[in-house]
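Okay, structure first, notes after.
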Amino acid sequence: MAMALTMAMAIVLGALALPVSARADSQKLIHSERSLYREVLVYESGNERCMCFTRQCRIGRQTCLDMRTPDRFIMNYPQMMMSALYLKPRPQAVLIVGLGGGSMPRVLTKLLPESSIDVVEIDPAVVSVAKRYFAFQPGKNLSVIESDGRVYVKKALREQRHYDLIMLDAFDHEYIPEHLLTQEFLREVKSLLAPDGVLAANTFSSSRLYDHESVTYASVFGEFYNLRRDNRVILATNGKLPSVGQADVNSKALQPLLEAFGVNGERNMALFSTRRDWNEKARLLTDQYSPANLLNR
Amino acid sequence: MQVILSYVIAGWSGFFVMAVELLGGRLLAPSFGSGIYVWGAIITIFMLALSLGYLAGGRLSVAQPSVRRLGSILLLAAVTVLPILWFGDAMLDRVSESIADPRGASLLAATCLFFVPTFFSGMISPYAVRLLVNDRANSGKHAGQLYFVSTFGSAAGTLLTSFYLVLVLEVNQILFALLGISLVIGVVACAVRGSADAAE
């Protein structure tokens with residue numbers, strides 16, 4: 001009995017210890033920078049370079065890049081986010097909230113050279129690290145605005161701007177800006193979308209927050225596509241949601257272009273679902289009630 | 001009775017200030033974000049208002065101090081929270097439209113919303129010290145006990161609001177509840193007869 005227990009413990013401990021030490025050994029810290037908000041760290045292991053906000057990338061990686069093929073997405077969620085193009089293949093004006101390593105804007109400028117892309121990032125240190133280590137290069141059609149996401153959305157509304165595609169990617173595993181996950185914010189985002197514009201949001205797939213967040217998105221956008229893997233991507237539109245058949249036609253038409261960036265159209269399309277797999281009685285998140293961080297556990 | 005009420009008011013006022021301060025972050029976030037500037041602005045305005053409140057409360061305690069007056073200060077601090085509930089959103093929109101710089105804008109917004117109630121809250125502790133101290137030898141002891149109660153109240157207000165209350169109630173509901181409790185304590189204090197000097 002005691003023997004079995006010891007062995008079981010050894011196995012459990014082994015399972016816990018191995019991946020951590022393996023990761024710690026192979027990861028090399030190549031840059032760290034303190035900002036007003038956090039510490040921005042750049043790690044390399046093999047050909048992979050990652051931006052993290054915690055030591056040894058303990059809690060999630062913000063973005064990673066394969067240095068041999070910098071244009072290929074190597075994480076799941078950004079290539080899932082590209083599914084937004086199946087609903088809106090040629091967006092003229094794009095807004096991205098949350099820069100990270102800038103992999104999405106970098107790919108989108110290559111994919112859509114005629115479109116204008118605005119990226120909002122709150123942390124100047126993230127911008128400078130993305131430029132130095134992640135080949136992020138603002139230019140004529142790609143601008144970066146250093147601002148809080150919601151403050152920018154309100155400002156853009158006052159200036160009567162509209163975007164055909166808005167991508168929300170401002171959350172990390174550690175801390176959620178709670179004012180970016182409320183019904184009022186989503187309404188503002190919806191008003192900022194052009195008619196039939198598309199919203200793609202990278203959010204959470206687990207924890208109690210899943211139910212609250214789903215209910216809140218549904219209250220503003222009605223039906224939406226819910227793509228779930230380890231992350232969750234919500235695709236919603238300001239208008240009628242295009243059918244899966246239509247999205248599939250677009251995905252096939254786009255695949256020759258998207259192939260080079262590591263986007264797999266078939267795999268993405270297999271994730272499209274409108275099933276309401278959440279508790280519809282969960283409480284709405286509003287500016288008055290938004291304990292997102294307390295719910296994310 | 002006077003002694004108990006003085007402590008209760010000081011402790012509650014500590015709770016009230018920190019609860020409003022935390023909710024202040026919530027109220028400002030939709031317009032100005034929740035970055036370090038916004039928290040910096042809120043904390044600055046609260047500290048400034050408290051410091052001036054201490055000065056005013058100490059001055060006011062010189063002439064005819066009474067628990068009744070202490071209660072009225074608590075009532076004033078509560079009632080001046082009402083404009084936050086009524087005009088808060090409209091005011092925040094106006095400020096964010098007119099000032100582009102996030103630092104200036106959040107300082108102005110925090111001033112408009114929180115300066116007055118926090119100023120009145122600041123008056124409470126020095127005023128309560130006057131009601132509690134009746135000889136010089138024990139003045140430090142009384143002041144120490146009062147600081148304890150007031151700051152302990154602040155700790156409780158911070159913890160309860162940020163860990164628990166925001167999970168069950170809406171921001172405005174919490175503000176109304178705080179206001180209600182202040183009104184009850186304030187009215188009870190106003191009903192008490194007698195001055196500090198009469199108690200000596």
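A few comments on the model shown:
- Total residues in segment A:121-153, condition free of Cβ contacts under 8 Å to residues at least 24 places away in the same chain and within 14 Å of chain B (Cβ to nearest Cβ): 1
- Residue B:5 falls short on exactly one of the conditions (1) over 15 Å from the mean Cα position of the chain (by Cα); (2) within 25 Å of residue B:101 (Cβ to Cβ), and that condition is (2).
- Going through (1) surrounded by fewer than 21 Cβ atoms within 10 Å (Cβ to Cβ); (2) part of a helix (DSSP H, G or I) one by one, residue B:189 falls short only on (1).
- Any hit, segment A:214-236, residues being over 17 Å from residue A:171 (Cβ atoms) and within 14 Å of chain B (Cβ to nearest Cβ): no
- Only one of the numbered conditions (1) surrounded by 21 or more Cβ atoms within 10 Å (Cβ to Cβ); (2) among the charged types (D, E, K, R); (3) out of contact with any strand residue (DSSP E or B) (no Cβ under 6 Å at 6 or more places or on another chain) is violated by residue A:161, and that is (1).
- The strands (runs of 3 or more DSSP E) falling completely within segment A:62-173 that include 1 or more residues that are at pLDDT 95 or above map to A:93-97, A:116-121, A:142-146, A:163-168.
- Close pairs (7 angstrom Cβ cut-off, 6 or more residues apart or separate chains): of a type in the set (Gly, Ala, Ser) in segment A:168-188, assigned to a helix (DSSP H, G or I) anywhere: A:170/A:149; A:170/A:180
- Of all residues in segment B:8-53, those satisfying the criterion of being within 14 Å of chain A (Cβ to nearest Cβ) and not hydrophobic (A, V, I, L, M, F, W, C) are B:24, B:25, B:26, B:30, B:31, B:33, B:34, B:35, B:37, B:40.
- Subset of segment B:134-148 (residues that are closer than 22 Å to residue B:52 by Cβ and aliphatic (A, V, I, L, M)): B:143, B:146
- Within segment B:152-161, the residues that satisfy the criterion of being buried (at least 17 other Cβ atoms within 10 Å of the Cβ) and either at pLDDT below 95 or more than 14 Å from chain A (Cβ to nearest Cβ) (or both) are B:153, B:154, B:157, B:158.
- When segment A:272-297 is filtered for residues that are surrounded by fewer than 16 Cβ atoms within 10 Å (Cβ to Cβ), away from chain B (no Cβ under 14 Å) and not hydroxyl-bearing (Ser, Thr, Tyr), the ones remaining, listed by number, are A:275, A:276, A:277, A:279, A:280, A:281.
The values are calculated or read from the model by the stated rules, or taken from the named source; none is laboratory data. Source: prediction; values computed, not measured. Every residue, glycine among them, receives a Cβ derived from its backbone with ideal geometry; neighbour counts consider all protein chains shown.
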